[in-house]
Amino acid sequence: MNDAWPRVTLEAFLRAAPRHLLFTGRGGVGKTSLACASAVRLADLGRCVLIVSTDPASNLDAVLEAPLGNAPTGVAGVPTLEAMNINPEQAARDYRERTVAPHRGQLPADEIRMLEERLSGACTVEVAAFDEFALLVSDPAGAERFDHIIFDTAPTGHTLRLLELPAAWSGLLETAPGEVSCLGPLTGLKTQRE
């Protein structure tokens with residue numbers, strides 16, 4: 001251990017914790033256990049806390065003994081703690097619908113099918129999951145409702161891809177040869193970025 005770093009107890013750290021906490025690392029190192037313990041302790045300190053799993057193979061439900069979905073759900077026995085899982089497949093379905101819906105009735109049926117096909121790949125799932133993550137970090141309603149948002153992340157590789165996505169998305173928007181990609185109509189995404 002480097003003696004240049006100050007030693008801080010977990011309790012002291014949590015009492016001065018920032019609004020957003022990300023528990024990251026490779027699989028099997030205890031991210032979920034530490035994230036849940038920290039969330040419960042912050043709630044015990046009177047803070048309103050949301051814990052979110054970005055792991056497609058989340059076991060947050062099992063640890064908290066609560067059935068979780070894509071929306072914040074209260075955790076029994078901990079009044080100021082809510083939890084949720086970002087379900088990447090549901091997020092992708094919602095993203096596809098938001099992207100395609102404005103074009104129904106405007107474009108021929110074969111164009112709509114082609115657009116839906118382009119939005120059926122893995123890249124759309126990652127974009128949609130990031131979209132959910134970004135909304136939780138930047139949503140003003142969440143800022144008013146929660147003192148802390150804790151992210152129990154997927155193993156390192158998945159989390160790094162999630163966090164690198166904005167740079168990749170910006171590069172795609174600047175260099176894309178056409179107006180449609182696996183992310184959907186690029187003109188809409190360019191507007192959303194701005």
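Subtracting the Cα-Cα distance of Q90 and R15 from 0.36 nm times their residue separation leaves 23.5 nm of extension gain. Remark: V49, V78 ranked as V78, V49, counting other beta-carbon atoms within 10 Å and listing the fewest first. Database remark: amide H of C48 closer than 5 angstrom to the amide H of D147, H148 (H placed geometrically; neighbours at sequence offset of 5 or more, or on other chains; Pro and chain starts carry no H). Compactness ratio for the stretch 93-150: Cα radius of gyration over 2.2 N^0.38 Å (N = residue count) comes to 1.49. Taking all C-alpha pairs of the stretch 10-74, those more than 13 Å from each other amount to 65 percent. Fraction of C-alpha pairs exceeding 16 angstrom in the stretch 64-131: 57 percent, rounded to a whole number. Stretched out straight at 0.36 nm per residue, the stretch from R98 to S120 would grow longer than its current Cα-Cα span by 6.6 nm.
Based on the alpha carbons, how large is the Rg to Rh ratio for the stretch 1-136 when Rh follows Kirkwood?
On the way: Rg = 19.3 Å, Rh = 17.4 Å.
Rg/Rh: 1.11.
Spacing of the modelled spin labels on C48 and V8, each 7 Å from Cα toward Cβ, amounts to 2.5 nm.
None of the figures in this text is laboratory data; all of them are computed from the coordinates on show. Given the structure is predicted, the values throughout are model-derived calculations rather than measurements. Note: ideal-geometry Cβ built from the backbone for every residue, glycine included; neighbour counts use all protein chains shown.
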